[in-house]
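A.B. asks: Below is a structure I'd like to ask you about.
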Amino acid sequence: MSRHWNPETPRPQNTLLCHIDEVKEGDAKGVGPVGGLKRKIILIKRNGVLHAWLDACPHYSTGTPMSWKADAYFNGDKSHLACHSHGALFDIETGECVLGPCLGQRLTPVEFTVSDGGEIFIASPAEEEKP
Ligand code: FES
């Protein structure tokens, strides 16, 4: 399930985000802010794969939160993550902006681990947020 956790490496002692069952297949969930971050972390489960991005649109250097209400991170057909401030669309798997004012820029990835019990932890701090 985890795309970042290598079972051969020790699990870091890090911040719990939520249980994997709290992120439903095809949905997105905003968690936090936790672990000293100023923004939420967007967790998305798509085709059984979990993705995690910082909820900070790269259009402005301050990293604007992207949802228009709790957990509303998708565009209409749920094909992309959307920033509802100015309509930027982001590839769910790569975080790349594919439409909108920050074309070619990317969301900030959040490294995570998933325990045997299904708890999702931040594996390493996301890139420090801009003030
Ligand atoms: S702040 Fe996200 S598209 Fe403008």
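Computed from the coordinates by the stated procedures, all read-outs in this text should not be read as laboratory data. This structure is a prediction, so every number in the text was calculated from the model and none was measured. Every residue, glycine among them, receives a Cβ derived from its backbone with ideal geometry; neighbour counts consider all protein chains shown.
A.B. asks: So which chymotrypsin sites (Phe, Trp or Tyr not before Pro) in region 35-131 are both in a DSSP loop and have at most 14 other Cβ atoms within 10 Å of their Cβ?
C.D. replies: 60, 68
A.B. asks: Which FRET efficiency, nearest 0.05, do residue 69 and residue 115 yield, Cβ-Cβ r, R0 22 Å?
C.D. replies: Working: r = 30 Å, r/R0 = 1.37.
According to the calculation, E is roughly 0.15.
A.B. asks: Place a point 7 Å from the Cα of residue 60 along the Cα-to-Cβ direction; which residues of region 79-112 have their backbone N under 11 Å from it?
C.D. replies: It comes to 85-86, nothing else.
A.B. asks: Same structure, new question: In region 36-131, what GluC sites (Glu not before Pro) fall in a loop by DSSP, with at most 10 other Cβ atoms inside 10 Å?
C.D. replies: Numbers: sites: 93, 96, 111, 119, 127, 128, 129; in loops: 93, 111, 127, 128, 129.
Passing sites in region 36-131 are 128.
A.B. asks: Taking 0.36 nm per intervening residue step and subtracting the Cα-Cα distance, what contour gain separates residue 79 from residue 94 on full extension?
C.D. replies: Gain in length upon complete extension: 4.1 nm.
A.B. asks: Follow-up question, since we're still on this one. List the GluC sites (Glu not before Pro) within region 8-70 that DSSP assigns to loop and that have no more than 14 neighbouring Cβ atoms inside 10 Å.
C.D. replies: Loop-located and lightly packed - 8, 25.
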